[in-house]
1. By per-residue mean of other Cβ atoms within 10 Å, what is the highest-first order of 196-208, 148-160?
2. Can you compute the modelled spin-label distance between residue 293 and residue 193, with each label point 7 Å from Cα toward Cβ, in nm?
3. Applying the Karplus parametrisation 6.51 cos²θ - 1.76 cosθ + 1.60 with θ = phi - 60° to the phi angles of segment 113-127, what ³J(HN,Hα) value in whole Hz is obtained for each residue in order, glycine and proline being reported as x?
4. Taking the Cα-to-Cβ direction at residue 170 and at residue 218 and moving 7 Å from each Cα, how far apart do the two end points lie in nm?
5. Spelling out what I want: for every residue of segment 143-152, take phi, set θ = phi - 60°, compute 6.51 cos²θ - 1.76 cosθ + 1.60 (Karplus), and round to whole Hz; glycine and proline get x.
6. Using 1/(1 + (r/R0)^6) with R0 = 25 angstrom and r between the beta carbons of residue 211 and residue 136, what's the FRET efficiency to the nearest 0.05?
7. Quote the charge dipole size of segment 220-320 about the Cα centre in Debye, to the nearest 20; the model charges only the Cβ of Lys and Arg (+1) and of Asp and Glu (-1).
8. Which length gain, in nm to one decimal place, applies between residue 263 and residue 356 when the Cα-Cα distance is subtracted from 0.36 nm times their residue separation?
Amino acid sequence: MADDKYKRPLKLKTRAFDRNLAMARMGVVAGTQFAGHTVRNFFRGREARAESDRTFYREQAQYLADELGRLKGSVMKVGQMLSVYGQYFMPPEALDVLRSLQDDSPPVAWSELEPVVRERLGEERLAELDIDPEPLAAASLGQVHRARRVADGRELCIKIQYPGLAEAIDSDIRTLTHIVRIARLVPRGVELHSVMDEVRDMIYREVDYAHELAMTRAYRDRLAEDDRFVVPEVFPEYSTETVLVTSYEPGEHVQSAAVQGLSQARRNRLAENALHLFFHEFFDWGRVQTDPHFGNYRVRTDADGHDRIVCIDFGAVRGFEPDFLEAYYDIVAGAYARDRERVIRGARGIGLLRPDSPRSVLDAFAEVGFLMIEPFSESPPAELLTPDGAYRWGESDLPRRVSRAISRAAISRWFRIPPREIVFLHRRLGGVFVLMAVLRAELHGRPLLGDYLQRVSESDGD
């Protein structure tokens, strides 16, 4: 892991020359390390070579993760997304390191951002706000500061996009694609450029603050009458293309002592509400917040036990086309009913399997589908159930088992790297599963999912 110096506020490399020089250095170091590793491996036996490869992949990924964290911007976001896509083609040792980029991001010094905010908001608007120079949160594309509106004391959050970021996206991705290849973190034959094209589209969406403002407002409107959730209010008068201002909504981190100390019943209600939110998004709205980072969710505890989930950051919201939703619904409904042919039909419908795949490959995919739906199945593993039959998420290693099953399937020449819709949807679904585990939820999930499937079936006249 990075040292304390890495945690200190950064000075941004926003000039193209500075960023290109930094990434050129990364490429040289990564290439030199690979050359040295290859020479040393020449003199090793098979077992020693395999162990050396594991160490090499881990060290290469750690070096890149550290450097990407310092550069910020789209290169760091690409590193994050490679940890999502990479489960289909990258060494597990590298994935473990790249996943650390999801939530280990040093802040940028306020002295670097204050002139930018002044320019973007203008002197008159800026004078209306008292901004705390210490950030509430820092990420790859921007960071959030707390503020107070001087006129009425209203507590606000100001999300500031790092300067020069949008202009550097295309150049950063081209350079980083080359570096990842040099570092040998992606096997030959993988269509890395197509993966990077999809990552590029996602990054452009997340730096579109007009889109995020609209999505925040849409979620707030949809959930306005649902007292299980809190969504911030947006303030368009203070927002620009690269600054987004919302109301400050207090809440506890899901891993905090306050949340972890809640009773089993209260944690169960929070977990069930989180599932309801995801099912609403997918089955009812066809639009999903695809970034499951815990920083995007808070818990507002209440003395009377009516705890609420605070939802923030809607930059990663994406819609899904009806054809995709229909095909994916077949996978879920088929897995729920253990209807092997329906699962296979859905997989073909979204391009996960080749039309000429042999029967053994089709059956193997159906088994992955059955595994993914384990908490909602008729007969989950007995060791994961409470005496009254509730699934114990905190005792389950389901995400690891699913990841291992997907990795095995990805080895087959009949398997295709999933389309972006699947990758981002599963990114969110995996986040929901991890949240269930962190809350140590004990739920009867089958009736919950069954209600949504039944409603969709009836609305389609199926």
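1. Top to bottom by mean Cβ count within 10 Å: 196-208, 148-160.
2. For residue 293 paired with residue 193, the spin-label model returns 3.0 nm.
3. Once rounded to whole Hz, the list reads 9, 4, x, 5, 4, 4, 5, 6, 8, x, 4, 5, 5, 4, 5.
4. Distance between the two pseudo-spin positions: 2.7 nm.
5. Values, residue by residue: 9, 10, 10, 7, 8, 10, 6, 4, 4, 9 Hz.
6. E(calc), rounded to 0.05, equals 0.70.
7. On the way: 11 positive and 17 negative charges, 73 e Å.
For segment 220-320, the charge dipole is close to 360 debye.
8. 28.3 nm
Taken together, the values in this text are just the output of simple stated rules run on the coordinates, not laboratory data. Computed from a prediction, not measured in an experiment: that's the story for all the values here. Cβ: placed from backbone, ideal geometry, glycine included. Neighbour counts: every protein chain shown.
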